[in-house]
Every structure is written in C-alpha cells, then in structure tokens.
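Input: a single structure, listed below in structure tokens.
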2 protein chains.
Amino acid sequence: MIKIALLGYGTIGSGVAEVLRINKDSITKRAGEEIEIKYVLDLRDFEQDPIQPKIVHQYDIIANDPEIAVVVEAMGGVEPAYTFVKQALLAGKSVATSNKALVAKHGAELLAIAKEKNINFLFEASVGGGIPIIRPLNSSLTADEVEEITGILNGTTNYMLSKMTFEGLEYDDVLKEAQARGYAEANPAADVEGQDACRKIAILTSLICGQQVDFEEIHTEGITRISATDIQYAKAMNRVIKLLAVSKKTKEGYSVLVCPMLLAPGHPLYSVNDVFNAIFVHGNVLGDAMFYGSGAGKLPTASAVAADIVDIVKNRDRNIMTAWSDQRLTLADYKQSKRRFFVRTTDSRDQVQNAFGAVELIQLPERFGEVGVLTGEMTEEEYEKRAAKLNEVLQMIRVV
Amino acid sequence: MIKIALLGYGTIGSGVAEVLRINKDSITKRAGEEIEIKYVLDLRDFEQDPIQPKIVHQYDIIANDPEIAVVVEAMGGVEPAYTFVKQALLAGKSVATSNKALVAKHGAELLAIAKEKNINFLFEASVGGGIPIIRPLNSSLTADEVEEITGILNGTTNYMLSKMTFEGLEYDDVLKEAQARGYAEANPAADVEGQDACRKIAILTSLICGQQVDFEEIHTEGITRISATDIQYAKAMNRVIKLLAVSKKTKEGYSVLVCPMLLAPGHPLYSVNDVFNAIFVHGNVLGDAMFYGSGAGKLPTASAVAADIVDIVKNRDRNIMTAWSDQRLTLADYKQSKRRFFVRTTDSRDQVQNAFGAVELIQLPERFGEVGVLTGEMTEEEYEKRAAKLNEVLQMIRVV
C-alpha cells in the first residue's frame, strides 16, 4: 500500500481520485501495490463528497507526514505549486503534476532535485492532456534526433477554430459559446493568446534539446485576430487555420514559434478538429510520427496523471526521466525562418506585385475592394520589408 | 561500453547498425554508455561492407561470449529465431526483436524467462514499425482499461489499397507495382492475406489482456478479393476500404478480427494512406487516442529496435515489460459481433429487401445488372442467414 496526497480538488484533482477509484483493480495490478489517497489539500470543503474526511487545508500536514510517498500537484499556476512541489521533492516524495506553467518555468530545477534524490518528477499530463507524448519522447524516441515537433496543443482554440470553420461563425460568438460549454474560461487569455501552447512547446523543446527553454523568448501570437473572413479565404484556398506550436532544429539552433497557420489537406494535422490535440514529430531515422487524442478534459488528463503515479510506484528509488539542464537555450531568431505568407490587402494587384513579386491571388466575390495574396517563400524579415511597401495590410497569416 | 550482437544483417539488421552509427552521440548519452556491435550473425559475407570483420556464421560464438549483454534478433520467422532468443535469455542476455511471428507465437514464454532472469525481452518494432505503441501500452496507458484497439498494421496492403483508391487500378496491377518498388515481397501472402496484421493484433491484444492470444484463432481475411469495382462503390458511398485489425473488449470477451472494412470520413483511420500505419486506441478514462507513423521501412523499424536497445542498457538488471501469462485467452465468437455489411449482388431489389429488410442501395451506372447494398446493423451470424436468401453474393465487405 502506497499513500499519496493530492494538491487541489478541482477538475484534474477530482478526476485523478475518480480514475484511481474506477480502475482500482487494474491500477493496483500494474503498480504492484495498492494506491491510497490519504490527504487532499484544498482551501474548500466538499461536504457532499466522500473525499471530505481526507480534505486538509494546510500543506504542512502533507509535507510532514513521512507516510506520504507521492504528491500529486493539480492546483495549476506557478505559486504556491512551485514551493509545495520543491518542498515535497526535497523531502524525498516523488511528484506527478499536470501543471505546464510550473514545468515550463521550473522544470530544470525540479528534475535536478528528483534526480539527486533518486525519486521522480513526472509531468505527462502537462502537454497534450491524455496523449502520451512526454514518455514517448523520454523513452521511445531515444534512438532519434528529433528534428521537428509541430503540435495542436490547445483544445480551447482548436475547438473555436473548428467551429468557425464548420459553422462560419465570428470569433466573438464562438468564444461565448465555448465559455458557455466550459471549453473556455471566463478569462480566456491564456488559451486564445497562445500562452498555454507556448508553455507546452517550451516543455517539449526542453525535453528534446536537454536545455531550459524560456517560454518568454518564444514568439507567440494567439487567435484573437482571426475572423470569419479569414476562414472564408482559407476555404477558398482549400486550407484550414490552426493554432500551431512549432519547434524546428535548424543550423542556427531551435526555431520555435506559436501562431495561427494555414494548413493544406496533405498536412498530418489538417483534420485534427474540435477539442482534440495532436503532436507531429519528425525524427531523423524514424521519419514522421503523430500522436493524437484528448488534449484536455477531466478524465483524459487525469488518466495521464494516474499513469505517472503508477510509474512512480513501479520506480521507487529510481529516477526515470531524462533531466534537462538549467542552462538556457538560445533560440534561433524566428525572423530568419522561411515560409509562405497569406496577406489580405486593399492595395491594387500592381502594388501587390510590386511588393511581393510573383504571388497567387485569391479574390472572394463578397470581399469587394480587397484581395488575398499567397506569397512565395521568404524569411519573416524579408516579408516585413516587402509588406511595408503596401499601403494597407488587413491581415497576415503564416502558411505551413 | 556495452557489447551487443545482431542476428541477421538484412534490411532491419543493417538498419540497426546504421541507426547506431548515425546517432551514436545522442544514443550514447541517452543510454548512459557506449553501445558497440561486437558480432553480426549472418549466413552471408559482406565483403564490401565495413561490418565484415564482425560477421560470424555460428550462433554459438555469440551465445558463449559472456561479454555480449544484448542480442538483437532481426532474422524474422519463428525458427531458428526462437531457439536463439531463448538461449540468449536463459544465458542472461537481454533481447530486442522486430519479429512479430516470434512474439505472437512465443511471447508469453520469452517474457517469463526475461522476468525470471531480471533482464528484458523488448519488441517495440514488432508492431507498427517505428511507431511507439508497445511501450505506450506498457507504460503510459496504465491507468486505463483499454476497450478497443483498431489498427492499420500492414504497410504493404495499405499502400496497395491507397493506390487502388487514388488511381483506380486493379489489385493485380497494384501488387506488381508494389513488388517492383520493394513494398511487397515476391511471395506477398503474409501481407495480402492478413497474416502479418493478424500476428500484430494478437500481440497488442495479449498486451492489454495479459494472456496469450493464439493468432490462429483470429478470423483473418486479406485484401486479395478486393477489386477496382469495390473501390468504385466505396467512393460512391464516400468511404474508403482499409485492411483493419480490430480488438474489442466485450461482455463476451475480446472480439478480434482482421479484414478489409469500409470507413467513413469521420473515422480516425480514414486518412491514413500509403505505407503509413496507425493505431487507434480507446481507453475507458483516456477516451480516444491514435498513434501514427512509418509502419515499416528500414530506418523507422531500426529506430524502434535501437530505442529498445537503449532501454535495455538503461535498465540492466531490471525487468520493465509487463509479462502476459501463457494461459490462453478464449476469444469471443466474432460471429456474434454486430456491424453493418456492404454487399454486391445480382439479385433484384425486391429480393434484397426480402433478405435484409430496410437497406441503402448504391447503383453504379457502369455496373449494370448488379446493385450495392448497405445493410442495417446485425451480427455476422444473422448476416450469413440473411445473405443465404440471395441467389448470388458478388462481394461482402464489413463496415466499421
């Protein structure tokens, strides 16, 4: 019997309790011993819930109980999660977390403590919800140089963009609907402005390069400026718009970028819709692979956290995650990365040609007075120089 | 420095040597020590290849060398692979293999020996080539009850069916082309008759149920009877035909089946084309997930074998695979599984209705004198009874 403590009894925390209950028998068999929740830390009480006798309001009770071998952090946010998790690891308690903000910010340090203590700090659920991606990168793709990871890493924005695509709705209406269905939060900034996806691609990049990637240094654009009109143009080009998080190994270093992009039907992420997430990986010997599944949601995320708990129990006194060093990775300047660009402008075709040279033009009958432009391949820097020659740029979306 | 021996220097064996060479630095770092190929067992000599000094023709040289800690079996076929692998494990040498015939036939026994000896018998490459699927099932989906696995597990047949779909070609022509390109063997039976996919789904089912699944008991149909006309009908129904390997947990036990099936666009495997493989997994808490990638090919498969070698080196003196018992799993009778059926017949519409009741009819202008029928949902048993009322069934394809 191994005793664990949950920090936080919100969506993920209560989901973990539920998964451990629903699949108790098979989890016990796979872990090799029974897993019992001894404490649940939450500021609230849950009088109607059978969990109530286990609720505590003071972290010290957990920290000071030598019986607790595993701490499951499901509070979210950097503080107080960081303080609690660090304290647990220093006390020799392994930790499983779903908290991407914590891992992106302090992953290197927490992994180093776990390694030194010969215990584990696992965070499968921090990227891709229920999709196994951290463990495959850590244990399966070990014979490869991973040269590219491109992911749809945020379920909220993917749901919104899918809805805009399939129903022709405007951004604001879709956001309201997503909020009403619980897919978007009252303050949706972390999702719609790309910050969530940014932290996740920082974690994945740290994993493959072995160094700390500061998410603040990743150029990040959200979907707030995407309109129903943009979607109409995308359809006319037989493409879809997705919020992508891209990390590519180049000669100049890792080039990392989060932004809405136009995808053609041949792209492996083209048909990943609704709240689903998917992560495309290219290895130098493996070639292309893709991992797809429920990127969020109570039970899928809890499934990944519970699998981490099983792994911790199976690997007591044995560190299994490859740590990344706290040495900062200098990212390649994304302005040097090359791609095509889609531009909407009120300029004349002559002016467009003058700015960009040979282009594809897309004219929507209902958008009189503007034209859609698909440029040739060029760096961001060159794009900016050329676009400055136009009188007005209504929109720019990158093409993958 | 750890010394290994390769059994077989064909496509996979030489691929493993190549991967270990190309990514030597990162592999050494991840494994924690250098991996050196000391011997390569092959009947042939390779005078033009730098591997030649390591070539041996007698397995005993490897078996009797205590320096060899890992044996990589890449010969294929049950014998002599089984004898060699068993001997290696009994001598305390861990084994990595890409051999699905070996694992499907003797997996339970070989896993048990590895467990007893506290070493490892790993076989990631035996299913899905380079796609991580064995390790995710073993280590990631441990908090789930896996209720369904449906896979496109054979690259040769998926290439052939894709080619028939996109180019309207006949089976025989596509087979010749696949043989010319090296995607199909001179004797293509193992692929086109579904035997390869059958062994792979037997392995996956054994993994999730923990018991030995005898592949001989899985109802298996190949693609040899699929014609350009069937593909035309599929297109008229906006569907595609794929060779699927399906394993479902039902109240009556695991229902396992390998056969060509009709898929609608909403199905996650619908757009998996060419030599790619993909494995759809449904877990009771995870929900839907999919793993996609290069299911065959020299380097992708070798990437998975090399990752197994890394795992073996990282886990010396420690067994990491969950064994399945040698107790035979009794499969549910596939004739009790329910689905829709597509039938081509020369019978009249009245006769069709008399046999199947309410159906969808598909009439191709170019197929005068016959009609396509999409039945309602029924068991295989009921389908057979009803189909017997027709005078002539030209074709039957199951619908997923």
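Residues checked against (1) surrounded by 24 or more Cβ atoms within 10 Å (Cβ to Cβ); (2) of a type in the set (Lys, Arg); (3) more than 14 Å from chain B (Cβ to nearest Cβ); (4) without any contact (Cβ under 8 Å) to a residue 60 or more places away in the chain:
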site: A:Ala112; (1), (2), (3), (4): no, no, yes, no
site: A:Leu122; (1), (2), (3), (4): yes, no, no, no
site: A:Val127; (1), (2), (3), (4): yes, no, no, no
site: A:Ile133; (1), (2), (3), (4): yes, no, no, no
site: A:Gly151; (1), (2), (3), (4): yes, no, no, no
site: A:Asn158; (1), (2), (3), (4): yes, no, yes, no
| Test set (1) over 18 Å from the mean Cα position of the chain (by Cα); (2) assigned by TED's automatic domain parsing to the domain that holds B:Val258; (3) buried (at least 24 other Cβ atoms within 10 Å of the Cβ) - B:Ser94 fails condition number | (2)
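Looking only at the stretch B:306-318, filter to residues that are of a type outside the set (A, V, I, L, M) and within 11 Å of chain A (Cβ to nearest Cβ); which one of those is surrounded by the most Cβ atoms within 10 Å (Cβ to Cβ)?
B:Asp308
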| said: Checking the conditions here, which among A:Asp308, A:Asp317 is in the same structural domain as A:Ala104 (by TED's automatic domain parsing) and at pLDDT below 95? | reply: A:Asp317
| Inside the stretch A:70-123, can you point out the residues that are under 20 Å from A:Arg199 (Cα atoms), in contact with a strand residue (DSSP E or B) (Cβ under 8 Å, 6 or more places away or on another chain) and part of a helix (DSSP H, G or I)? | A:Ala81, A:Val85, A:Leu102, A:Val103, A:Gly107, A:Ala108, A:Glu109, A:Leu110, A:Leu111, A:Ala112
| field | Subset of the stretch B:16-35 that is at the interface with chain A (Cβ under 7 Å from one of its Cβ atoms) and either in a helix (DSSP H, G or I) or in contact with a Lys or Arg (Cβ under 7 Å, 6 or more places away or on another chain) (or both) - its residue that is surrounded by the most Cβ atoms within 10 Å (Cβ to Cβ) | value | B:Val19
| request: Considering only residues that are in contact (Cβ under 8 Å) with a residue 24 or more places away in the chain and of a type in the set (Asp, Glu), look in the stretch B:50-81 and name the one that is nearest to B:Val305 (Cα to Cα). | output: B:Glu73
| remark: Flagged in the stretch B:244-268 as buried (at least 19 other Cβ atoms within 10 Å of the Cβ) and within 11 Å of chain A (Cβ to nearest Cβ), in numbering order, are B:Pro268
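Looking at A:Phe276, A:Phe280 in this structure, which one is surrounded by fewer than 24 Cβ atoms within 10 Å (Cβ to Cβ) and within 10 Å of chain B (Cβ to nearest Cβ)? Can you show your working first?
Values: A:Phe276 fails: surrounded by fewer than 24 Cβ atoms within 10 Å (Cβ to Cβ).
Within the list A:Phe276, A:Phe280, the selection yields A:Phe280.
Considering each of B:Ile223, B:Ile231 in turn, give the residue that is part of a helix (DSSP H, G or I) and buried (at least 16 other Cβ atoms within 10 Å of the Cβ).
Details: B:Ile223 fails: part of a helix (DSSP H, G or I).
Unique residue meeting the criteria: B:Ile231.
A quick yes/no check of all residues on (1) out of contact with any helix residue (DSSP H, G or I) (no Cβ under 8 Å at 6 or more places or on another chain); (2) of a type outside the set (Val, Ile, Thr):
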{"residue": "A:Met290", "(1), (2)": "yes, yes"}
{"residue": "A:Gly293", "(1), (2)": "no, yes"}
{"residue": "A:Ala306", "(1), (2)": "no, yes"}
{"residue": "A:Ile320", "(1), (2)": "no, no"}
{"residue": "A:Ser337", "(1), (2)": "no, yes"}
{"residue": "A:Gln353", "(1), (2)": "yes, yes"}
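The values are calculated or read from the model by the stated rules, or taken from the named source; none is laboratory data. What you are looking at is a predicted structure, and each value in this text was computed from that prediction instead of being measured. Neighbour counts run over all protein chains shown; Cβ positions are idealised from the backbone, glycine included.
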